[in-house]
Amino acid sequence: MADRTGRRGARENGALKILVTGGAGFIGSAVCRYVIRETNATVINVDKLTYAGNLDSVAEIADDPRYRFEKVDICDELEVARVFHEHQPDAIMHLAAESHVDRSIDVPAAFIQTNIVGTYVLLEVARRYWEELEGARKANFRFHSVSTDEVYGSLGATGAFTEETPYRPNSPYAASKAASDHLVRAWTKTYGLPAVTSNSSNNYGPYQFPEKLIPLIIIKALAGQQLPVYGRGDNVRDWMHVEDHAAALWMVLREGVPGETYNTGGGNEVSNIDVVRRICALLDEMVPAADGRSHTERIAFVPDRPGHDKRYAIDATKISRELGWSPRESFDSGLRKTVRWYLDNRAWWQRILETQYRGERLGLGPDAAGATD
Ligand code: NAD
Ligand code: DAU
């Protein structure tokens, strides 16, 4: 049977054991669901369950005999070593991170700890574990680190990030991910650890925490609140559906060449104001207001994010040419499905609003942390 990538038969992957860090987060949960659905591999989900971790996002696979959960902080070396020892994984897909740029402006310490120290701990534990393996298990072991296009900094009006673009991170988040990528490279060059890195553009889709632009705007619109657009709304992001990303990550894990990096992007460059207007148009169609007014009337331009990167765009030629991956979802159809998902899954995000985050403005700096708009 072919999986979504069309490259490798889903049932030909053998009974692999994949350790997924951050599997209770947005992309990690999509990876866990993808691996259980599309392959016969076993998943060990290792997650600390920070504010962003949510076991509701993996509820549909929780009872699958090929799924396990370990509540572990990746910075805890003894616990990480125990997990490796107990589960004897064939590969690790490392997604656990502090992921929100605005929070990194307010409270950078957690980003340094998880994104840099956490990656270091995983690399060291993985290196010691891999060095003890023998034969095919050693040769086939992979450490796949999932990273971001933000390590490359900001683009002008033209061009796109390739794997050769120099690193120029601008936010504490981006700098911490750049450091993580450098550690992965060093462990490959110095110790020979068979690692691959992928750098992705902005993801969107179901189960995204409502601090991020697309779910935040949907949820605020449904609540009749102001729709905050930073600055003039002319910053551009290259949007990729999370399920396309999950398929790409599996392909990079299985077919990527150790020591290489792969850029993944959706090929959908859209300005923020356009994203917000498109969400409003979909909501006007799906849940029209009784008075016939458009959600666009509540768009509000608010003070910009400090150090706000102007434009991201990914050149995904390498992964397309060498591994045969390309995204399937167009932004129009993906955004429509995503808005529908948030309408149909209110319990998922309402619980978050009650317990973790109520939609307040983040990212104006440590002195303004928690400010409301
Ligand atoms: P997320 O914030 O939704 O989830 C992060 C997960 O990591 C959560 O489940 C959290 O509990 C867990 N976690 C955090 N600190 C941990 C720790 N110390 N130990 C164990 N678990 C911990 O993030 P996401 O958007 O799913 O991003 C996943 C990865 O993909 C990150 O590495 C991020 O940098 C990268 N990435 C994200 C995007 C995007 O658009 N969201 C794009 C490119 C790359
Ligand atoms: O490019 C990949 C990155 O994409 C990932 O590495 C990050 O983990 C992920 O969070 C995302 O970063 P961004 O900063 O681009 O995503 P965010 O959803 O926070 O913001 C998207 C754009 O929308 C950005 O230009 C800022 C803007 N924005 C965001 C929010 C939350 C607004 O205009 N208003 C808002 O309320």
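The values are calculated or read from the model by the stated rules, or taken from the named source; none is laboratory data. Quantities reported herein were computed from a predicted structural model and do not represent experimental measurements. All Cβ positions, even for glycine, are placed from backbone atoms using ideal geometry, and neighbour counts span all protein chains on display. In case anyone asks, the SASA skips ligands and DNA or RNA and just uses the protein heavy atoms, side chains included. Shrake-Rupley method; radii C 1.70, N 1.55, O 1.52, S 1.80 Å.
Here is a yes/no grid of residues against (1) within 14 Å of ligand 2 (Cβ to nearest atom); (2) under 27 Å from Val35 (Cβ atoms); (3) among the aliphatic types (A, V, I, L, M):
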site: Asn199; (1), (2), (3): yes, yes, no
site: Tyr204; (1), (2), (3): yes, yes, no
site: Pro215; (1), (2), (3): yes, yes, no
site: Ile219; (1), (2), (3): yes, no, yes
site: His241; (1), (2), (3): yes, yes, no
site: Glu255; (1), (2), (3): no, yes, no
site: Glu269; (1), (2), (3): yes, no, no
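Please work out if Val117 is touching an Asp or Glu at 6+ places or on another chain (Cβ under 6 Å) and surrounded by fewer than 21 Cβ atoms within 10 Å (Cβ to Cβ). Lay out the reasoning, then the answer.
Details: touching an Asp or Glu at 6+ places or on another chain (Cβ under 6 Å): no; surrounded by fewer than 21 Cβ atoms within 10 Å (Cβ to Cβ): yes.
No; evaluated as a whole, the condition is false for this residue.
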* Asked: Restricting the search to region 244-270, which residues are acidic (Asp, Glu), closer than 21 Å to Val20 by Cα and surrounded by fewer than 22 Cβ atoms within 10 Å (Cβ to Cβ)?
  -> Glu255, Glu260
* To do: Go through Asp291, Asp332 for me and flag whichever is open to solvent by 70 Å² or more (accessible area, probe 1.4 Å), of a type in the set (Asp, Glu) and at pLDDT below 95.
  => Asp291
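Every residue, every condition in (1) hydrophobic (A, V, I, L, M, F, W, C); (2) outside any loop (DSSP other than H, G, I, E, B); (3) over 16 Å from Val146 (Cα atoms); (4) touching a Phe, Trp or Tyr at 6+ places or on another chain (Cβ under 7 Å), yes or no:
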| residue | (1), (2), (3), (4) |
| --- | --- |
| Leu19 | yes, yes, no, no |
| Val43 | yes, yes, yes, yes |
| Val46 | yes, yes, no, no |
| Asp63 | no, no, yes, no |
| His85 | no, yes, yes, no |
| Met93 | yes, yes, no, no |
* What do you reckon, is Arg346 in contact with a strand residue (DSSP E or B) (Cβ under 6 Å, 6 or more places away or on another chain) and of a type in the set (Lys, Arg)? -> no
* Asked: Is there a residue in region 165-173 that is out of contact with any His (no Cβ under 9 Å at 6 or more places or on another chain), more than 16 Å from ligand 1 (Cβ to nearest atom) and modelled with pLDDT of 95 or more?
  -> yes
* Hits in region 206-243 - residues which are of a type in the set (Asp, Glu), open to solvent by 20 Å² or more (accessible area, probe 1.4 Å) and either closer than 23 Å to His308 by Cα or away from ligand 1 (no atom under 16 Å from the Cβ) (or both) -> Asp234
* If a residue has to be open to solvent by 10 Å² or more (accessible area, probe 1.4 Å) and β-branched (Val, Ile, Thr) to count, how many in region 14-35 make the cut? -> 1
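Quick check on my filter: what residues within region 311-322 are closer than 14 Å to His245 by Cα and either assigned to a strand (DSSP E or B) or touching a helix residue (DSSP H, G or I) at 6+ places or on another chain (Cβ under 9 Å) (or both)? Walk me through how you get there before you give the answer.
Going through region 311-322, the residues closer than 14 Å to His245 by Cα turn out to be 314, 316, 319-320.
Those that are closer than 14 Å to His245 by Cα and either assigned to a strand (DSSP E or B) or touching a helix residue (DSSP H, G or I) at 6+ places or on another chain (Cβ under 9 Å) (or both): Ile314, Ala316, Ile319.
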* Structure fact -> Counting only residues in region 98-124 that are away from ligand 1 (no atom under 13 Å from the Cβ) and part of a helix (DSSP H, G or I), the one farthest from Asn203 (Cα to Cα) is identified as Glu124
* When residues of region 134-154 are limited to those that are among the aromatic types (Phe, Trp, Tyr) and outside any helix (DSSP H, G or I), the one farthest from Leu16 (Cα to Cα) -> Phe143
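Of these, Gly259, Gly292, Gly266, which one is assigned to a loop (DSSP other than H, G, I, E, B) and in contact with an Asp or Glu (Cβ under 7 Å, 6 or more places away or on another chain)? Show your work before the answer.
Numbers: Gly259 fails: in contact with an Asp or Glu (Cβ under 7 Å, 6 or more places away or on another chain); Gly292 fails: in contact with an Asp or Glu (Cβ under 7 Å, 6 or more places away or on another chain).
Just a single option satisfies the conditions, and that option is Gly266.
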* What number of residues within region 51-61 satisfy the criterion of being touching a helix residue (DSSP H, G or I) at 6+ places or on another chain (Cβ under 8 Å) and not charged (D, E, K, R)? -> 5
* Tell me which residues, restricted to region 142-167, are more than 21 Å from Gly266 (Cβ to Cβ) and either buried (at least 20 other Cβ atoms within 10 Å of the Cβ) or touching a Ser or Thr at 6+ places or on another chain (Cβ under 8 Å) (or both). => Arg142, Phe143
